[in-house]
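Scroll down for the structure; my scribbles are underneath it.
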Amino acid sequence: MMLRVTEIFCSIQGESTHAGRPCTFVRLTGCPMRCVWCDSEYTFTGGTHMSLNAVMDQVHAFGVNLVEVTGGEPLLQEDVYPLMQGLIDRGRTVLLETGGHRSTARVPHAVITILDIKCPGSGESAKNDWSNLERLRVHDEVKFVIKDRGDYEYARDVIARHQLVSRVAAIHVSPVHGVMHPRILSEWVLADKLPVRVQLQLHKYIWDPATRGV
Ligand code: SF4
């Protein structure tokens, strides 16, 4: 079993209800999407082919309970499933960050899925796999990256139409870093009393945003 890996590193989890916790990240290579604000284009190509055991060993060496499988789009690779199950079997808490265009049907039940729902401002909203919303579990989380007012209203409508508030552990709205001021997004959320979390990408405030592997 092989995986194409861009990087494995330990840092502070920056997005989700686990933000602020030490976390080992397994960043898999490849993504067919081209979100206009993507901050990880370096995952689109390259990467290193690693055996499943080698990935597990590197994660184990960091000695951190929380592990996030991310990308790129991690669900592109067939062997991501035994990776997630293997991490669960070793007692890790596993987060999966997925862009929302690949089916989550085979994600192991113990994995906490952080499901991106792409808004129109990303340029990729037509690719959302809406069946993923039906599979959400109460421990899962949903994230909308917001570029402008149109994105905010889109997110607000999706939250209402799919009754997400009562179905997941948390809903995050995250302003596009350097494009949308968090205060403006916060004012919209407050005006609507929307039961979501305004989320800043914590790692970008701790480290240089241009630095990989943080
Ligand atoms: S899905 Fe994620 S990795 Fe792929 S282009 Fe969009 S933001 Fe970038």
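The values are calculated or read from the model by the stated rules, or taken from the named source; none is laboratory data. Predicted, not measured: the structure shown is a model, and the values here were computed from it. When we count neighbours, we look across all protein chains shown, and the Cβ atoms used for this are built from the backbone with ideal geometry, even at glycine.
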* Among what's in segment 107-130 and is part of a loop (DSSP other than H, G, I, E, B) and more than 13 Å from the ligand (Cβ to nearest atom), pick the residue that is farthest from CYS23 (Cα to Cα). => TRP130
* To do: Report, by residue number, each residue of segment 149-173 that is within 21 Å of LEU202 (Cα to Cα) and outside any helix (DSSP H, G or I).
  => ALA169, ALA170, ILE171, HIS172, VAL173
* Mind checking which residues of segment 171-188 are surrounded by fewer than 19 Cβ atoms within 10 Å (Cβ to Cβ) and not charged (D, E, K, R)? -> HIS177, GLY178, VAL179, HIS181, PRO182, ILE184, SER186, TRP188
* Asked: Would you say LEU87 is modelled with pLDDT of 95 or more, in contact with a Leu (Cβ under 8 Å, 6 or more places away or on another chain) and of a type outside the set (S, T, N, Q)?
  -> no
* To do: Take the residues in segment 2-28 that are within 16 Å of the ligand (Cβ to nearest atom) and out of contact with any Asp or Glu (no Cβ under 9 Å at 6 or more places or on another chain), then tell me which one is modelled with the lowest pLDDT.
  => GLY14
* Residues (part of a loop (DSSP other than H, G, I, E, B) and either modelled with pLDDT under 95 or in contact with a His (Cβ under 7 Å, 6 or more places away or on another chain) (or both)) located in segment 182-214 -> VAL196, GLN199, LEU200, GLN201, TRP207, ASP208, PRO209, ALA210, THR211, ARG212, GLY213, VAL214
* Does segment 140-148 contain any residue that is within 18 Å of the chain's Cα centre (by Cα), part of a helix (DSSP H, G or I) and either away from the ligand (no atom under 16 Å from the Cβ) or surrounded by fewer than 21 Cβ atoms within 10 Å (Cβ to Cβ) (or both)? -> no
* Just a yes or no: is a residue in segment 55-72 within 17 Å of ILE114 (Cβ to Cβ), part of a loop (DSSP other than H, G, I, E, B) and within 16 Å of the ligand (Cβ to nearest atom)? -> yes
* Asked: Mind checking which residues of segment 84-106 are within 16 Å of the ligand (Cβ to nearest atom) and either surrounded by fewer than 17 Cβ atoms within 10 Å (Cβ to Cβ) or in a loop (DSSP other than H, G, I, E, B) (or both)?
  -> GLY99, GLY100, HIS101, ARG102, SER103, THR104
